[in-house]
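Please read through the structure below; I'll follow up with questions.
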Amino acid sequence: MIEETIFSKIIRKELPSDMLYQDELVTAFRDINPQRPVHVLIVPNRHIPAVDDVTADDEAALGRMFSVARKIAREEGISDDGYRLVVNCGEHGRQEVPHIHMHLLGGEDVGPMLSRKNRDHS
Ligand code: AMP
């Protein structure tokens, strides 16, 4: 098992964050380096390193991540215009923090999902 990350400390409130939501399954907090006007991370409280590590036991938490994304999008006032949910996995997915997290991005047009620009590996 990969060691826990900074996100576990945020979940346990051992490190500060701009936390928007927490229940028994998931926690949501603002990304420290926002890429759009709204950029929130939604994470399972249990340390699951990546999508590739998911088991059936995780389905309740993973489902909750979507309903919390919907709730926060409404609270942030971005539901009508829309938003993007992103989950990166592993090296090719450019996952930086090995604790599953869903990015909630919005507040403006987030742009094309993937473009040629994204293929230059910069
Ligand atoms: P990913 O590339 O999908 O692994 O995204 C990791 C995200 O975590 C990045 O958007 C970072 O800005 C964000 N991040 C890293 N450390 C923190 C932190 N302490 N608080 C909030 N967001 C963080």
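Out of the range 18-37, which residues are within 13 Å of the ligand (Cβ to nearest atom), assigned to a loop (DSSP other than H, G, I, E, B) and out of contact with any Phe, Trp or Tyr (no Cβ under 7 Å at 6 or more places or on another chain)?
As a first pass, look at the range 18-37 and keep what is within 13 Å of the ligand (Cβ to nearest atom): 18-20, 27-36.
Checking which are assigned to a loop (DSSP other than H, G, I, E, B) leaves us with 18, 31-36.
D31, I32, N33, P34, Q35, R36, listed by residue number.
Shifting gears a bit: From the list D58, D52, D109, D80, which residue is among the acidic types (D, E) and buried (at least 16 other Cβ atoms within 10 Å of the Cβ)?
On the way: D52 fails: buried (at least 16 other Cβ atoms within 10 Å of the Cβ); D109 fails: buried (at least 16 other Cβ atoms within 10 Å of the Cβ); D80 fails: buried (at least 16 other Cβ atoms within 10 Å of the Cβ).
Result of the check over D58, D52, D109, D80: D58.
Restricted to the range 80-96, and to residues that are away from the ligand (no atom under 13 Å from the Cβ) and assigned to a loop (DSSP other than H, G, I, E, B), which residue is nearest to the chain's Cα centre (by Cα)?
G82
Sticking with this structure for a sec: Only one of these conditions is not met by V40: (1) touching a Ser or Thr at 6+ places or on another chain (Cβ under 6 Å); (2) within 11 Å of the ligand (Cβ to nearest atom); (3) closer than 23 Å to D109 by Cβ. Which number is it?
(1)
For the range 4-17, which residues satisfy the criterion of being within 16 Å of the chain's Cα centre (by Cα), near the ligand (Cβ under 8 Å from one of its atoms) and in a loop (DSSP other than H, G, I, E, B)?
Within the range 4-17, just S17 meets the criteria.
Starting from the range 16-40, take each residue that is under 19 Å from G77 (Cβ atoms) and list its partners that are away from the ligand (no atom under 13 Å from the Cβ) and part of a strand (DSSP E or B), counting only C-beta distances under 8 angstrom and pairs at least six apart or across chains.
Sorted first by the residue in the range 16-40, then by its partner, the pairs are A28/Y21; A28/Q22; R36/G106; P37/G106; V38/Y83; V38/G106.
Something else: Does H99 satisfy the criteria of being part of a strand (DSSP E or B), of a type outside the set (A, V, I, L, M) and within 16 Å of F7 (Cα to Cα)?
On the way: part of a strand (DSSP E or B): no; of a type outside the set (A, V, I, L, M): yes; within 16 Å of F7 (Cα to Cα): yes.
For H99, the condition - part of a strand (DSSP E or B), of a type outside the set (A, V, I, L, M) and within 16 Å of F7 (Cα to Cα) - is not met.
Would you check if there is a residue in the range 49-69 being part of a loop (DSSP other than H, G, I, E, B) and farther than 23 Å from T5 by Cβ? Outline the logic, then answer.
Step one: filter the range 49-69 for residues part of a loop (DSSP other than H, G, I, E, B), giving 49-50, 54-55.
Still in the running and farther than 23 Å from T5 by Cβ: none.
No, because not a single residue in the range 49-69 is part of a loop (DSSP other than H, G, I, E, B) and farther than 23 Å from T5 by Cβ.
Is it true that some residue in the range 54-63 is within 11 Å of the ligand (Cβ to nearest atom) and of a type in the set (V, I, T)? Walk me through how you get there before you give the answer.
Looking only at the range 54-63, we keep the residues that are within 11 Å of the ligand (Cβ to nearest atom), and these are none.
No, there is no match, as no residue in the range 54-63 is within 11 Å of the ligand (Cβ to nearest atom) and of a type in the set (V, I, T).
Same structure, new question: Of the residues V86, V51, which single one is of a type in the set (A, V, I, L, M, F, W, C) and in contact with a His (Cβ under 6 Å, 6 or more places away or on another chain)? Talk me through it step by step, then tell me what you get.
Working: V51 fails: in contact with a His (Cβ under 6 Å, 6 or more places away or on another chain).
Within the list V86, V51, the selection yields V86.
Values in this text are rule-based calculations from the coordinates and carry no lab data. In this text the structure is predicted, and so the values were computed from the model without any measurement. Cβ: placed from backbone, ideal geometry, glycine included. Neighbour counts: every protein chain shown.
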